[in-house]
Amino acid sequence: MVKRKDGVGKDEEKNKKRKGETTTTEGKSKMFVCGEEGCDYESRKKGAVKQHKANIHDIDEGKLKMFVCGEEGCDYESRWGRGNVKQHKANIHDIDVTYFLCGVNRCEYKSKHAGDLKLHKSTVHAICNVKGCEYKAKQASNLNRHKSMVHDIDVTYFVCNVDGCEYKAKQASNIKKHKANVHDIDVTFYLCGVDGCEYKAKQASNLKNHKAIMHDVDITVRVLLELKEGHS
């Protein structure tokens with residue numbers, strides 16, 4: 001057997017590694033190694049290696065310390081430590097629970113998890129959290145639309161795909177109107193229909209104004225337009 005300068009043979013060192021014992025190298029800390037084939041895990045603590053083997057390789061599970069719930073009728077146990085048992089007791093048995101309270105408009109909702117409270121507020125109360133904004137909605141989708149349209153948050157823009165055109169909009173319907181009005185694409189014309197009149201418009205409101213002014217159809221509209229022009 002080949003001896004090293006520190007007097008430890010290579011074969012002897014390998015046997016120590018397989019048993020999970022420490023290896024000493026001058027100037028380095030003692031390390032406990034897993035020793036399982038293909039596994040490079042090592043730790044300065046023997047207990048950590050034991051825990052690793054149980055969790056990763058299912059070795060010596062019966063000898064590993066298990067943390068149990070202890071509540072009457074509950075068989076829960078964990079190998080991961082007291083923290084998991086504490087969380088289990090809070091979630092299942094309501095022991096030592098820290099609740100997150102809603103508090104919106106005297107809402108009595110409470111949750112054991114901050115994430116659940118956040119979801120509750122967005123779906124039930126749907127309140128805009130932008131500073132100075134008091135908008136609120138009954139549905140989260142309406143709140144998202146509000147943030148997009150008013151505050152430019154999480155905006156999905158729809159763009160015009162006509163060459164050379166840089167127009168974009170927050171709503172697909174606006175793109176459709178833009179293409180019809182500017183590029184004459186997929187236009188629905190509104191025809192006048194009065195005998196001898198060939199007027200047509202891209203918008204129903206323009207046709208209504210035309211009829212009121214040119215053909216005295218719907219006088220109310222004409223009066224309103226004249227009043228508007230008089231004040232301008």
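The values are calculated or read from the model by the stated rules, or taken from the named source; none is laboratory data. Small disclaimer: the values here were computed from a predicted structure and weren't measured. Every residue, glycine as well, gets a Cβ built from its backbone with ideal geometry; the counts of neighbours run over all protein chains shown.
State the number of residues belonging to the stretch 126-174 that are touching a Lys or Arg at 6+ places or on another chain (Cβ under 8 Å) and surrounded by 14 or more Cβ atoms within 10 Å (Cβ to Cβ). Spell out the reasoning first.
Step one: of the stretch 126-174, the residues touching a Lys or Arg at 6+ places or on another chain (Cβ under 8 Å) are 126-128, 130, 143, 148-149, 153-160, 162.
Okay, now just the ones that are also surrounded by 14 or more Cβ atoms within 10 Å (Cβ to Cβ), so 126-128, 143, 148, 158, 160.
Of the residues in the stretch 126-174, 7 are touching a Lys or Arg at 6+ places or on another chain (Cβ under 8 Å) and surrounded by 14 or more Cβ atoms within 10 Å (Cβ to Cβ).
Which of the residues spanning the stretch 62-89 are modelled with pLDDT under 80 and in a helix (DSSP H, G or I)?
Gly62, Lys63, Arg82, Gly83
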